[in-house]
């Protein structure tokens, strides 16, 4: 990225001054080396997002930001419905609530390494992965609706995982105000036999070693010990989430003529938060979040089963499960007052401070 187009605010903060149709500045958090390595398209996409109605304060890009669909991946933007704020399907992404869960095994590398091949084979056999992957779990339409309403709580009620998991999942395992009725039959059909599967792309299930500790106090609070093994699971809402995104992106683009706002990039098609389309999308998206939460809960359960077979007595504990493709209502301090804002996070994870009510 060309530094000439940026103003350096501090060692790790860079500003894109409002120009053209921008309503707010753009802000990129990164050191100079990361900025120089970033695609120029990131600056362009941050600039475009900053033109959307009702955006609050700035459009933000994280240190790992890269070119995405509409929004940069690693992009964050807040919108105020009382100021004509919008919701954008492209700002959430096609893999709704794609996220990562980390599970502590209590095992060391020395214990796991001798059976690493057997462990990998067993995980591959139990948890399908790859493009179009399907699994043995097949849901009828009424079950899909219950899953879309209940998220990881539904999965736990079906016998997947432990009750203690729910306190360590974003939204305590269930996204409120989901509207399964706004999810199309086609989207639901795509999800009939995809629960408990990873999918493809950058999704993974990895058995990892805690090779080093950068903050011993935080690591201790998390229960992380150097040399111990953890399991990291990265996946989302599979075909259902993609179908929701595809359908509403098209609908938002068609409705743009009625709203009178044409975004600078068709990939930023959006709708007012308080509009019929906006409310329908948010209901469907929340159902998609619950699909992803349920999917990772099932995969976590299957992972526990595999470890129990190879390491009798092993107790895998959930550290946390958090999403990075969402739009959620959060209260934030803005100009000295608290305001409910709709926060788009595309490839970006929320990080609340100690004592926050949404943390375990």
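The values are calculated or read from the model by the stated rules, or taken from the named source; none is laboratory data. Just so it is clear, the structure is predicted and the values come from calculations on it, not from any experiment. Here Cβ is always computed from backbone atoms with ideal geometry, including for glycine, and neighbour counts include all displayed protein chains.
Go through 321, 358 for me and flag whichever is within 28 Å of residue 63 (Cβ to Cβ) and buried (at least 22 other Cβ atoms within 10 Å of the Cβ).
Details: 358 fails: buried (at least 22 other Cβ atoms within 10 Å of the Cβ).
Criteria check complete, one pass: 321.
Is there a residue being more than 30 Å from residue 116 (Cα to Cα) and touching a helix residue (DSSP H, G or I) at 6+ places or on another chain (Cβ under 7 Å) anywhere in the range 217-237?
no
Are any of the residues in the range 326-338 in contact with a helix residue (DSSP H, G or I) (Cβ under 7 Å, 6 or more places away or on another chain) and in contact (Cβ under 8 Å) with a residue 12 or more places away in the chain? If you could, list the steps in order and put the result at the bottom.
First, pick out the residues of the range 326-338 that are in contact with a helix residue (DSSP H, G or I) (Cβ under 7 Å, 6 or more places away or on another chain): 326-327.
Then keep just the ones that are in contact (Cβ under 8 Å) with a residue 12 or more places away in the chain; that gives 326-327.
Looking through the range 326-338, at least one residue is in contact with a helix residue (DSSP H, G or I) (Cβ under 7 Å, 6 or more places away or on another chain) and in contact (Cβ under 8 Å) with a residue 12 or more places away in the chain.
Residue check, residue 143 against (1) loosely packed, with under 12 Cβ neighbours inside 10 Å; (2) in a helix (DSSP H, G or I), all met but one. Which one?
For residue 143, the exception is condition (1).
Of these, 23, 8, which one is farther than 26 Å from residue 340 by Cβ, surrounded by fewer than 18 Cβ atoms within 10 Å (Cβ to Cβ) and not assigned by TED's automatic domain parsing to the domain that holds residue 210? Walk me through it before giving the result.
Working: 23 fails: farther than 26 Å from residue 340 by Cβ.
8 is the lone residue from the list that is farther than 26 Å from residue 340 by Cβ, surrounded by fewer than 18 Cβ atoms within 10 Å (Cβ to Cβ) and not assigned by TED's automatic domain parsing to the domain that holds residue 210.
With the condition being without any contact (Cβ under 8 Å) to a residue 24 or more places away in the chain, I'd like the helices (runs of 4 or more DSSP H) fully within the range 1-114 carrying at least 3 qualifying residues. Walk me through it before giving the result.
Details: elements: 32-37, 40-49, 89-92, 109-112.
Answer list for the range 1-114: none.
Taking the range 61-76 as the region of interest, how many residues are surrounded by 24 or more Cβ atoms within 10 Å (Cβ to Cβ) and within 17 Å of residue 31 (Cβ to Cβ)?
Final tally of qualifying residues: 3.
State whether the residues of the range 297-316 include one that is closer than 30 Å to residue 55 by Cα and assigned by TED's automatic domain parsing to the domain that holds residue 206. Working first, answer last.
So in the range 297-316, the residues closer than 30 Å to residue 55 by Cα come out as none.
Within the range 297-316 (the criterion being closer than 30 Å to residue 55 by Cα and assigned by TED's automatic domain parsing to the domain that holds residue 206), the answer is no, since none of the residues qualifies.
Of all residues in the range 146-189, how many are surrounded by 17 or more Cβ atoms within 10 Å (Cβ to Cβ) and farther than 26 Å from residue 281 by Cα?
Counting residues in the range 146-189 that are surrounded by 17 or more Cβ atoms within 10 Å (Cβ to Cβ) and farther than 26 Å from residue 281 by Cα gives 6.
Mind listing whichever residues of the range 56-77 are touching a strand residue (DSSP E or B) at 6+ places or on another chain (Cβ under 8 Å) and within 19 Å of residue 249 (Cα to Cα)?
Just the residues of the range 56-77 that are touching a strand residue (DSSP E or B) at 6+ places or on another chain (Cβ under 8 Å), to begin with: 56-68, 70-77.
Across the range 56-77, the qualifying residues are 67, 68, 70, 71, 72, 73, 75, 76, 77.
Here are some residues: 265, 220. Which one is assigned by TED's automatic domain parsing to the domain that holds residue 104, surrounded by fewer than 19 Cβ atoms within 10 Å (Cβ to Cβ) and under 23 Å from the mean Cα position of the chain (by Cα)?
Working: 220 fails: under 23 Å from the mean Cα position of the chain (by Cα).
That would be 265, the only listed residue that is assigned by TED's automatic domain parsing to the domain that holds residue 104, surrounded by fewer than 19 Cβ atoms within 10 Å (Cβ to Cβ) and under 23 Å from the mean Cα position of the chain (by Cα).
If we keep just the residues of the range 279-294 that are surrounded by fewer than 24 Cβ atoms within 10 Å (Cβ to Cβ) and touching a residue at least 24 places away in the same chain (Cβ under 8 Å), which is farthest from the chain's Cα centre (by Cα)?
280
Does residue 297 meet the test of being touching a residue at least 60 places away in the same chain (Cβ under 8 Å) and surrounded by fewer than 24 Cβ atoms within 10 Å (Cβ to Cβ)?
Working: touching a residue at least 60 places away in the same chain (Cβ under 8 Å): yes; surrounded by fewer than 24 Cβ atoms within 10 Å (Cβ to Cβ): no.
No.
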